[in-house]
Every structure is written in C-alpha cells, then in structure tokens.
Amino acid sequence: MLTLSGIVIVIAGFALRFNPLLVVVVAGIVTGLAGGLSVEKILITFGDAFIKNRYLSLFILTLPVIGMLERNGLKEQSQIVIGKIKAATTGRLLILYLFIREAAAALGLVALGGHAQMVRPLVAPMAEAAAANKYGKLSDELRNKIKAYSASADNVGVFFGEDIFIAFGAILLMKGFFEQYGIIMEPLAIAVWGIPTAISAFIIHAFRLYRLDGKIKQAMEEAK
Amino acid sequence: MIFSLEYVYYICGILMAIISFLAFKDQSNPKRVLTAIFWGIFAISFLFGKIIPPMYMGVAVIIMAVIAGIGGVRLGSYSQSTEEERTDRAVKFSNWLFVPALLIPIVTIIGTLGLKEVTIAGLALLEKSNITLVSLGLACIVAFIVALSLTKETGLQSAREARRLVDAIGWAAVLPQMLATLGALFALAGVGQAVSTLIGSVIPLDNKFMVVFAYCVGMALFTMIMGNAFAAFPVMTAGIGYPLVVVMHGGNPAVLCAIGMFSGYCGTLMTPMAANYNIVPAALLDLPDKNAVIKAQIPTALVLLTVNVFLMYFLIFR
C-alpha cells in the first residue's frame, strides 16, 4: 500500500503546479523505494525505460518541415483556403476533421492526422480563420479556445476510431491477455463491440463542436 | 535491413544536437548553458541510447528533470519572418505549401502498407517490426527534401525553425518518455495490484451494476494515473474485470475488452499524464493554459464514460 504514495505525489505535484518532469522523477523514486527496489535498480529502470520509449518523441522529426513551411506562409495559406469556402464555420470544419480522423483510424490509417503533422499547421489555423472570416478579429481567449478544441477533435477521433481496426495493438493486447485465462477471442469480435462507443464518441463530441459555433457567436456579440 | 528504427533515432539525435548547439550560442537566453545541456542530454539519449549503460542514462534523465525543475529550459530569440513576408510567400507558393505537410502522413501510410515486404538485394528495405515508426522517419526525410527544394531555405534555417518549435514546447517534449519511466517503476513496485486490491475491497461484489461501474470507472481512473490505457488494462482486468465481471457474473469477455479499453481512453482524455496527447499539443499550439486541451475534452469524456458504463451493463450479460 505504501507504493501508492507515488500516485499521491503525482496528483499533488500536478495540482500544486510543480514542474511535471520533476514531479514524475520524484514520484518514481519514492515508488521504487516504497516497493523495496534498490537505488541502483531505480536508476537502471529510469534509464532503460527512457531509452525503450524514445519512439514517443519521434514527432520532433516533423518539426523542421513544419517550421520551414510556417516560415513561408503555411498558416496564412490555410487561412486563405478556408476563406474561399463560404459554408465553412469553425464547428463544421472541426466536425469534418473529427469524422475523417475517426474513420481513417478505424481503417487502420492512424498516421492520417496528428498534432504536429496536421493540427498545428493546418486544422487549427483553418478553424481560427473560419471564425475570423465571419466575425473579424478574435480575442486571444477565443483563439486559444478554438485551438484547444482543434486538438480535442484529433484526440477523440483517433482514440475512438483506432480500436475498431482489428490489427490495432490494443485489440491484440487484449486478445493475448485473455489467452492466459484460456479464453480465445476473435479480434473481430472485440472490434465489433467497440462500435457503439465509437459512434457515441462521435455524436457527443460532434454535438459539442456544433455548439462551439454558438459559443463563438455569443462571445463575439458580447465583445461588441 | 536498410532503414532501421535506430537510424531514425540517429537523425533525431543529430537534430537535437544542432538545437542544443544553437541554444548554447543564443546570448539572449540567460540560462543558455542549462538549456543547451538539457537538449544535449536528449540528443545523447537518441545517439548513444543503446550504448550507454542504463544506470548512467538514469542519472542523466534525473539531471534533465532537475534542470527543468529549476527553470533552466528557456526560450531564446529566433530570427522569424514577419507576417508580411509570410503572407507574400503564402501567395507566392500557394497550395504547394500543403504538399510537404501532407507527404508526411501519406508516405508513412505508403511505407506501412505498401513497403512492408520490399527488399533490395536481399535486404529488407524497412525494419519490419517497427514499420510504422520507420515509415514516419522516412516520410519526414522525404517531406524535408521536398520542403527544402520548394522554399529554397537552407538546412541550417530549417534546424533554426525546428528549434523555435521545440523551444515553444519546452521541457514538455520529454514528458511522454518521462511518464513511461514512471509506468515502468509502478509496474516493478506492484502499484497495480495495490490499486485493484483497494478497489476490490470497497465495492459490493454481488451487485452486477456496481461491478461493471467499478471496472469502467476504475479503467478511466487508473488510466488517468498511468497516462496510458494499455498500462491500466492488465491491472484492472486481472484485478476486477476478469474475476468479478467475467467469472463471477458471466460477462462476455469481448464486450469487457472493447468497452473497458474505451473507458480507459475516456480517462486518457482527462489526464495530464497522457502528455503526448494533451500537454505537448497545448504547448505546440502556444496555449497559455497547459490544461486547455484537457478542459475542452472533459465534458465529452465524462458523458462518454457514463454511456460506456450503461452500454457495458446492458450488453455484457446477454
């Protein structure tokens, strides 16, 4: 039970706004000690796990490309393109992106999208521009809200689409896990039972994105 | 194989080394030495990660956290293009600007789906066991070359632009890996067992709804703690899902898995521990509130979790 102190440190550290990297390291050390691990083992685990999980940082390889394109007007061009589509509103654009992201993920095309690859350079500027074209200059608060919702569309889309793809790692993890209990399941069976949730996720989040248009309109009218 | 994941890491390492060097030279950053050391250690982890003994790497990781904790990772100055220049160039390059950006996901998919079995002179072209990641690396190289030839920028300028973006993300760039190390320590210390024992001791075991509720909400909560539903799944399922829902009450395991994992994902939407989905994007989008993405997601996550509990309750005992 003492090992749960690590969890307490994480929650408290994040809530008290200490630097998360430091919080995580302290929590790790405390958990390790509470769990009876030697200092040496703790250090080795830190190093080993850090190296094994380097793939989590591969997004930095997209940055030179995105940076170069932004320097040469990528965001501005995104806004010009959106300006030409009369029916484009922030909400509709993000609902469309949510749909594409979730459908592509369900087909195994999880690479189509992503925060560094698509949200920052394309989706967020377009979402902002759709609102700006309609209402004029947006407040910082509103622009940040639109950007946050753009990121949320990517997350909700990929999370609730990917488990419908039968070869996806999560499904294989679950299948393998139950095999140790002697229960054999078909990947398709697991995928199919995910469909109600996947559809619910789309409906719930699309509805909130639809309401975002109303919130933007209200904020801009209040600002007048 | 010709392209392995290790080569992709070497390229990351070279990029981070250049960024570290540029950070060191940037006089406008009062903490330039600490900032340079931070990114330098990151570069070393990519370049020499397989060679350096894990214990020393562990010490280096702790040093990175300390540097970040004392505010040593700072922004510098960047010779950015002006808004006027960018608008002019947007008109000049028009929709060609989208080509390199879209090449990244497209080439990744081509590699993952199409190039899996391709061999050249008997050697596999791409490392099969990590095909998506290697394809991503390849895609970034291709997009980089196309972007360079389109914009006529220099390689060094692209490194400067990358540095601008990396600095904007800041120490958060390393948070996903750091959280993975915490996950490893939790696993070794048996945190999972402690949590499921705790939950198992408070729920009324013969109530079908409560057991389903405990499993789904437990998945969400434990995912919020671990930052990762895959880490929560074995613990929650072994502790509650399998013994109580499947064995004791005869629930369908396929339903348990599918809806259980999705309940975990509801947790992922709400936790700063899922740094690469919630915190890094907030930094990447220059949001002053690091939790802004989470805040935009919480209502969806809570409603969906509720829906999940009822879906599981009505579907699992057929």
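The values are calculated or read from the model by the stated rules, or taken from the named source; none is laboratory data. Nothing here was measured: the structure is a model prediction, and the numbers come from that model. Glycine gets a Cβ as well: all are built from the backbone with ideal geometry, and neighbour counts include every protein chain shown.
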*Is it the case that the stretch B:54-76 has a residue that's within 20 Å of B:LEU148 (Cα to Cα) and more than 7 Å from chain A (Cβ to nearest Cβ)?*
no
*Could you count how many residues in the stretch B:155-169 are modelled with pLDDT of 90 or more and more than 9 Å from chain A (Cβ to nearest Cβ)?*
2
*Could you grab me the full set of residues in the stretch B:55-84 that are within 12 Å of A:LEU21 (Cβ to Cβ) and assigned to a loop (DSSP other than H, G, I, E, B)?*
B:ILE70, B:GLY71, B:GLY72, B:VAL73
*asked:* Of all residues being more than 7 Å from every other protein chain (Cβ to nearest Cβ) and within 30 Å of B:LEU133 (Cβ to Cβ) in the stretch A:119-139, which is surrounded by the fewest Cβ atoms within 10 Å (Cβ to Cβ)? Just the residue, please.
replied: A:MET126
*Among (1) more than 8 Å from chain A (Cβ to nearest Cβ); (2) free of Cβ contacts under 8 Å to residues at least 60 places away in the same chain; (3) surrounded by fewer than 24 Cβ atoms within 10 Å (Cβ to Cβ); (4) not polar (S, T, N, Q), where does B:LEU188 come up short?*
(1)
*Please state which one of A:ILE42, A:ILE9 is outside any loop (DSSP other than H, G, I, E, B), closer than 15 Å to B:THR181 by Cβ and either more than 8 Å from chain B (Cβ to nearest Cβ) or touching a strand residue (DSSP E or B) at 6+ places or on another chain (Cβ under 7 Å) (or both).*
A:ILE9
*asked:* Can you find, within the stretch A:168-191, the residue that is surrounded by the most Cβ atoms within 10 Å (Cβ to Cβ) among those that are in a helix (DSSP H, G or I) and of a type in the set (Val, Ile, Thr)?
replied: A:ILE190
*So is B:LEU136 modelled with pLDDT of 85 or more and at the interface with another protein chain (Cβ under 9 Å from one of its Cβ atoms) or not?*
yes
*Taking B:VAL91 and the conditions (1) closer than 22 Å to B:LEU284 by Cβ; (2) facing chain A (nearest Cβ under 8 Å); (3) surrounded by fewer than 19 Cβ atoms within 10 Å (Cβ to Cβ), which numbered condition does it fall short on, given that it satisfies the others?*
(1)
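Whether any residue in the stretch B:271-294 is over 23 Å from B:VAL174 (Cα atoms) and either at the interface with chain A (Cβ under 7 Å from one of its Cβ atoms) or crowded, with 24+ Cβ neighbours inside 10 Å (or both) is what I want to check.
To start, the set of residues in the stretch B:271-294 that are over 23 Å from B:VAL174 (Cα atoms) comprises none.
No: the stretch B:271-294 contains no residue that is over 23 Å from B:VAL174 (Cα atoms) and either at the interface with chain A (Cβ under 7 Å from one of its Cβ atoms) or crowded, with 24+ Cβ neighbours inside 10 Å (or both).
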_Residue list for the stretch B:96-128, filter: of a type in the set (Gly, Ala, Ser), closer than 20 Å to A:PHE168 by Cβ and more than 12 Å from every other protein chain (Cβ to nearest Cβ)_ = B:GLY114
*Take A:VAL119 and decide whether it is touching a residue at least 12 places away in the same chain (Cβ under 8 Å) and either touching a Gly at 6+ places or on another chain (Cβ under 8 Å) or charged (D, E, K, R) (or both).*
yes
*asked:* Taking the criterion of being more than 7 Å from chain B (Cβ to nearest Cβ), farther than 25 Å from B:PHE42 by Cα, aliphatic (A, V, I, L, M) and surrounded by fewer than 24 Cβ atoms within 10 Å (Cβ to Cβ), would at least one residue in the stretch A:17-32 satisfy it?
replied: no
*Residues in the stretch A:192-214: is at least one outside any helix (DSSP H, G or I) and either modelled with pLDDT under 95 or more than 11 Å from chain B (Cβ to nearest Cβ) (or both)?*
yes
*Working only within the stretch A:1-16, note down all residues that are buried (at least 23 other Cβ atoms within 10 Å of the Cβ) and of a type in the set (A, V, I, L, M).*
A:VAL10
*asked:* Any residue in the stretch A:54-66 that is more than 7 Å from chain B (Cβ to nearest Cβ) and over 24 Å from A:GLU76 (Cβ atoms) sitting within a Cβ distance under 9 Å of a residue that is surrounded by fewer than 23 Cβ atoms within 10 Å (Cβ to Cβ) and not acidic (Asp, Glu)? List the pairs, counting only those 6 or more apart or interchain.
replied: none
*Go through the stretch A:208-224 residue by residue and tally those that are within 23 Å of the chain's Cα centre (by Cα) and either surrounded by 14 or more Cβ atoms within 10 Å (Cβ to Cβ) or under 25 Å from B:PRO243 (Cβ atoms) (or both).*
7
*For the stretch A:140-155, name all the residues that are touching a residue at least 24 places away in the same chain (Cβ under 8 Å), buried (at least 22 other Cβ atoms within 10 Å of the Cβ) and among the hydrophobic types (A, V, I, L, M, F, W, C).*
A:ILE146, A:ALA151, A:ALA153
